[in-house]
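Since the structure comes first, as structure tokens, the remarks are kept for the end.
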Amino acid sequence: KKIMTNLKKVLQNAYKRHYAVGAFNTSNLEITQAILSASVKKKSPAIIATSPKAIDYAGGPKILAAMVKEASRGVTIPVVLHLDHSKTYELAKDCIDAGYTSVMFDGSRLPYNDNVRITKKVVKIAHAKGVSVEGEIGIIGGKEDYLKKRKIVLADPKIANDFTKKTGIDALAAAVGTAHGLAADAPERIDFSLLREINKIVKKPLVLHGASQGISDANIKKAIKEGIAKINIDTDLRVAFAKEVRALLKKNKTVYDPRAIIGSGRDGIMKTVEKKIAVFSSQNKA
Ligand code: G3H
Ligand code: ZN
């Protein structure tokens, strides 16, 4: 059975059966191990995402693709390796060539016609290799990695539909009010009537970004009922990692083995991923 797969099947099942699959951001070995361990334990499909900054940090898409592929060897769940928020066609192409099974092109800061044109170009090379594509419409707020803080621009349902049809994307990140980062920096909310309207006319798996903080579990579940099939989580993993490492260093003044230090952060991430899987109801769906 092929382990590495694209978003298509994973999200089609989720969309139809009203659960969501978390897309968890990684930039190193330990975060990747934590995401995979939690997903295997809960029998959930896993979407492992890397931002362009994470790719720079790690030393290029090839090293991350090799790491995820090797770490997934022998696991019994579908694993998607996804490029998050690519601002360029070139990086999407590099990731596809490196073995990513899914890419997001984020043309949200471009004029609409350019967003359509480049997303379509990415879809063409991606689909030729069985790789899935996510696009963005409207502007998701907050800041993350190379994404500078921006004001939220809610998606227009008609434009969202036109964009999805013209580009042939497999999943749509439509801005419905959420923002990346800590809730303190970016108060978050979901415009449910807008989400419902977008889902009604687009009829494709929708992606919720900036979902870590400021949204209650009840509202996450409500969003899943309204067509959200993929939920991106980065900030909550960082927070969990930092909390555990800080606690360990405070408690143990003489610890100096990086494996013990980073290992505590890895455990924190694993627990967080398990909790998210429960809220998203993707357990036992692998
Ligand atoms: O693309 C990544 C996610 O949208 C991250 O959102 O900062 O709320 O975890 P977050
Ligand atoms: Zn995002």
Subset of segment 95-112, residues among the acidic types (Asp, Glu) and either open to solvent by 10 Å² or more (accessible area, probe 1.4 Å) or under 20 Å from ALA65 (Cα atoms) (or both), comes to ASP97
Checked pairs for segment 29-42, first closer than 21 Å to ILE63 by Cβ, second surrounded by fewer than 19 Cβ atoms within 10 Å (Cβ to Cβ) and among the charged types (D, E, K, R), C-beta under 8 Å and 6 or more apart or across chains, list as ALA34/ASP267
Scanning segment 159-188 for residues that are farther than 14 Å from MET104 by Cβ, within 16 Å of ligand 2 (Cβ to nearest atom) and open to solvent by 10 Å² or more (accessible area, probe 1.4 Å) gives GLY181, LEU182, ALA183, ASP185, GLU188
Quick count over segment 21-49, residues being of a type in the set (Asp, Glu) and either within 16 Å of ligand 1 (Cβ to nearest atom) or modelled with pLDDT under 95 (or both), is 0
Cβ pairs under 6 Å, 6+ apart or interchain, first in segment 80-104 and within 20 Å of GLY168 (Cβ to Cβ) and without any contact (Cβ under 8 Å) to a residue 40 or more places away in the chain, second more than 16 Å from ligand 2 (Cβ to nearest atom) and of a type in the set (D, E, K, R), ordered by first then second residue, are TYR89/LYS121; ILE96/LYS129
Considering only helices (runs of 4 or more DSSP H) wholly within segment 1-102, the ones with at least 2 residues that are more than 16 Å from ligand 2 (Cβ to nearest atom) and in contact with a helix residue (DSSP H, G or I) (Cβ under 8 Å, 6 or more places away or on another chain) are 29-42, 61-72, 89-98
Conditions (1) among the charged types (D, E, K, R); (2) in a helix (DSSP H, G or I); (3) under 22 Å from PHE24 (Cα atoms) -> LYS250 fails only (3)
Note on segment 203-233: residues out of contact with any Leu (no Cβ under 8 Å at 6 or more places or on another chain), more than 16 Å from ligand 2 (Cβ to nearest atom) and open to solvent by 40 Å² or more (accessible area, probe 1.4 Å) are LYS203, SER216, ASP217, ALA218, ASN219, LYS221, LYS222, LYS225
So, first residue over 25 Å from ALA58 (Cα atoms) in segment 127-151, second residue assigned to a strand (DSSP E or B) and more than 13 Å from ligand 2 (Cβ to nearest atom), Cβ within less than 6 Å, six or more apart or across chains; the pairs are GLY138/VAL153; ILE139/VAL153
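The values are calculated or read from the model by the stated rules, or taken from the named source; none is laboratory data. Bear in mind the structure is a predicted one, so any value in this text is a computation, not a measurement. Here the Cβ is made from the backbone with ideal geometry for all residues, glycine too, and neighbour counts use every protein chain on show. To get the accessible areas, we keep the full protein, side chains included, count just its heavy atoms, and leave off ligands, DNA and RNA. Shrake-Rupley method; radii C 1.70, N 1.55, O 1.52, S 1.80 Å.
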